[in-house]
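Step one of this worksheet: look at the structure below.
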Number of protein chains: 2
Amino acid sequence: MQKSISVSAPASVSNLGCGFDILGFALEKPQDKMTVRNNNLNKLRIKSQNTNYPVPEDPTKNVASVAIQAMLNKLNIQQGFDIEIDKQIKPGSGIGSSAASAAGAIFAVNELLQRPFKKKQLIQFAMVGETIASGCEHADNVAPCILGGITLIRSYKPIDIIPIDAPGKLFCVILHPKIEIKTSEAREILKKDVLLTDAVKQWGNVAGLITGLLKEDYELIGRSLDDYIIEPQRSKLIPAYDMLKATALNAGALGCNISGSGPSVFALTKGYDAANKVMDEMRKQYQNENIDFDIFVSSVNQTGVKISES
Amino acid sequence: MQKSISVSAPASVSNLGCGFDILGFALEKPQDKMTVRNNNLNKLRIKSQNTNYPVPEDPTKNVASVAIQAMLNKLNIQQGFDIEIDKQIKPGSGIGSSAASAAGAIFAVNELLQRPFKKKQLIQFAMVGETIASGCEHADNVAPCILGGITLIRSYKPIDIIPIDAPGKLFCVILHPKIEIKTSEAREILKKDVLLTDAVKQWGNVAGLITGLLKEDYELIGRSLDDYIIEPQRSKLIPAYDMLKATALNAGALGCNISGSGPSVFALTKGYDAANKVMDEMRKQYQNENIDFDIFVSSVNQTGVKISES
């Protein structure tokens, strides 16, 4: 049995505007790095390597070890692992940091155990890890992080994950305001009921977005990204959100919305040059706010979590 | 200027399970037949030809003349037309009878006026006619009736109609219990609010259905047809609905749901033989009810409203 493996697990954007809780896609960067080794102690041990983004070392509080434990329970085996996490995706930034920890760990352990599960089956275990971060099992970050590309979670019970082909020229700008929004808190502010008329508008856009993605109709993707239900409630948590979105759209973005539960904001573009132009305008706009932020361009990551080359 | 034209306008199935108010498709049969002639009276006159399915002859109460008037108003012209309607789609049956009247009339007049509008633009006028039948402007029957195939109404304001390719082997069984459900009444019973959790399940299915249609994945189409919001409220208006649906699914239907606001029920199948098998089982089941009904198989009509050959 292989003793050690290093993997990288990408950041991801969930919700995709209208597709709250059902859609997500993987980013080319940033990626968490992790090394997982067998130990003979029958214990899961976490080591947090990046002092800038420390992760909990208590194995009952870390999404990675909780996910691994769920897999070990399913297999009904006892095996200890040391998990070194070099966290590169800032926790709480809204681009699937916890999902990457869970996905990377579960992928690594599955490799060390000689693949008792297929890649798609790993999602269920990573979801168990996600409960620690968000208070509920959700798959819209772990699914794209594991599989790459764009993923649809059609159903949770039973889980039904469907890969959606990503158009080749789709690029993404991520602006991350360095404020913290906890996923669990961003969920709590959501009203439990929605108007049927708003729900109809929302699923019209969901249908338009899927059609746009599968037919590579970038204009249709753009006009389908609007979210009538979640964005109006959550956007107030993000300083100067409306202005930022208007700037992105004016600069030629297909659409702009909240990544996951925020605070990161994503804008989609057709092509790399367009993404850079949008990034420049968003940066210029946000420099007027008194908030530290990161901004970068990424393509859609088609691979998902993988064994590291080094 | 041409004096007279005969057209046929197909029945259609709207809602398509999860796609309430946004999806519909045209049927190969039945089709309304209409003949429209210029008159020199500056009046719209309706003649109802089928005594089995009479239509209102008051031009302010007939969807066809109301739709035509909306077009004439837009063009700002005065022109009289005699409209003879040979109604073949039973009014109130839930397969777009009023939409076919409106679509056929507006298509015929557009031809006689030498096509001031493109086919897609006719939808807005036919929608005005639809308000008479349902109490609100909706396009999920008129759009497929005019364009053929499967149509998505992504948005109403502004109107945004997107054709969705219909998989080649998609067939439909229609069972029409001969009871009357008015569209306006079927709308009134719907709750104005829905649970966010149900809405998420619904748009997961909408996304799955569109993916299934565009990728010709019949299994995915089938498992995406479930409707968590409308069907539970409306199915009680249709006698023995649950039993009928179970029968269709057991006989191999991909899915089964309410056509429009009912009372017709549709079942989708992969292939013509499967449709006939499902039809036989549904017929056998419904013969146990003390209700007169029609049942038939149709493919998806790819053409929509057209000039009659005769």
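The values are calculated or read from the model by the stated rules, or taken from the named source; none is laboratory data. Given the structure is predicted, the values throughout are model-derived calculations rather than measurements. Glycine gets a Cβ as well: all are built from the backbone with ideal geometry, and neighbour counts include every protein chain shown. Remember, those area values only see protein heavy atoms, side chains included, never the ligands or the DNA or RNA. Shrake-Rupley method; radii C 1.70, N 1.55, O 1.52, S 1.80 Å.
Summary table below
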read-out: Residue count, segment B:228-260 (criterion: open to solvent by less than 30 Å² (accessible area, probe 1.4 Å), within 14 Å of another protein chain (Cβ to nearest Cβ) and not β-branched (Val, Ile, Thr)); value: 4
read-out: Single match in A:Leu196, A:Leu213 (criterion: open to solvent by less than 10 Å² (accessible area, probe 1.4 Å) and within 11 Å of chain B (Cβ to nearest Cβ)); value: A:Leu213
read-out: Failed item, numbered, when A:Pro163 is tested on (1) in contact (Cβ under 8 Å) with a residue 40 or more places away in the chain; (2) surrounded by fewer than 21 Cβ atoms within 10 Å (Cβ to Cβ); (3) more than 9 Å from chain B (Cβ to nearest Cβ); value: (1)
read-out: Matching option when the condition is touching a His at 6+ places or on another chain (Cβ under 7 Å) and of a type outside the set (A, V, I, L, M, F, W, C), among A:Ser264, A:Ser235; value: A:Ser264
read-out: Strands (runs of 3 or more DSSP E) enclosed by segment A:177-279 - at least 1 residues per element that are in contact with a helix residue (DSSP H, G or I) (Cβ under 8 Å, 6 or more places away or on another chain) and more than 19 Å from A:Asp21 (Cβ to Cβ); value: A:255-258, A:265-270
read-out: Single unsatisfied condition, B:Val109 versus (1) at pLDDT below 95; (2) more than 14 Å from every other protein chain (Cβ to nearest Cβ); value: (1)
read-out: Strands (runs of 3 or more DSSP E) lying entirely in segment A:1-94 (those with 2 or more residues that are within 14 Å of another protein chain (Cβ to nearest Cβ)); value: A:23-39
read-out: Condition broken by A:Lys157, with the remaining ones in (1) facing chain B (nearest Cβ under 7 Å); (2) among the basic types (Lys, Arg); (3) surrounded by fewer than 18 Cβ atoms within 10 Å (Cβ to Cβ) satisfied; value: (1)
read-out: First in segment B:266-283 and surrounded by 23 or more Cβ atoms within 10 Å (Cβ to Cβ), second anywhere and part of a helix (DSSP H, G or I) and of a type in the set (D, E, K, R), Cβ under 9 Å, 6 or more apart; value: B:Ala267/B:Lys245; B:Thr269/B:Lys277
read-out: Extreme residue, farthest from B:Ile89 (Cα to Cα), among residues of segment B:1-56 that are touching a Lys or Arg at 6+ places or on another chain (Cβ under 7 Å) and open to solvent by 80 Å² or more (accessible area, probe 1.4 Å); value: B:Lys3
read-out: Checking B:Gln202 against (1) facing another protein chain (nearest Cβ under 7 Å); (2) more than 29 Å from A:Leu152 (Cβ to Cβ), the condition it does not meet; value: (2)
read-out: Unmet criterion (only one of (1) within 21 Å of the chain's Cα centre (by Cα); (2) under 25 Å from A:Ala143 (Cα atoms)) for A:Tyr241; value: (2)
read-out: Members of segment B:107-121 that are touching a residue at least 40 places away in the same chain (Cβ under 8 Å) and not in a loop (DSSP other than H, G, I, E, B); value: B:Phe107, B:Ala108, B:Val109, B:Glu111, B:Leu112, B:Lys119, B:Lys120
read-out: Number of the exception - A:Ala103 against (1) open to solvent by 50 Å² or more (accessible area, probe 1.4 Å); (2) over 20 Å from A:Phe20 (Cβ atoms); value: (1)
read-out: Some residue of segment A:108-128 being among the basic types (Lys, Arg), in contact with a strand residue (DSSP E or B) (Cβ under 7 Å, 6 or more places away or on another chain) and open to solvent by less than 30 Å² (accessible area, probe 1.4 Å); value: no
read-out: Hey, A:Leu175 open to solvent by less than 70 Å² (accessible area, probe 1.4 Å) and either within 12 Å of chain B (Cβ to nearest Cβ) or among the aliphatic types (A, V, I, L, M) (or both) or not; value: yes
read-out: Selection from segment A:129-138 of residues that are assigned to a helix (DSSP H, G or I) and either at pLDDT 95 or above or open to solvent by 10 Å² or more (accessible area, probe 1.4 Å) (or both); value: A:Thr131, A:Ile132, A:Ala133
read-out: Segment B:182-193, subset modelled with pLDDT under 95 and either open to solvent by 20 Å² or more (accessible area, probe 1.4 Å) or touching an Asp or Glu at 6+ places or on another chain (Cβ under 7 Å) (or both), residue farthest from the other protein chains (Cβ to nearest Cβ); value: B:Lys182
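One line per residue, one yes/no per condition, for (1) over 27 Å from B:Asp294 (Cβ atoms); (2) modelled with pLDDT of 95 or more; (3) not small (Gly, Ala, Ser):
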{"position": "B:Lys47", "(1), (2), (3)": "no, yes, yes"}
{"position": "B:Asn52", "(1), (2), (3)": "no, no, yes"}
{"position": "B:Val66", "(1), (2), (3)": "yes, yes, yes"}
{"position": "B:Met71", "(1), (2), (3)": "yes, yes, yes"}
{"position": "B:Asp86", "(1), (2), (3)": "no, yes, yes"}
{"position": "B:Ile89", "(1), (2), (3)": "no, yes, yes"}
{"position": "B:Ala102", "(1), (2), (3)": "no, yes, no"}
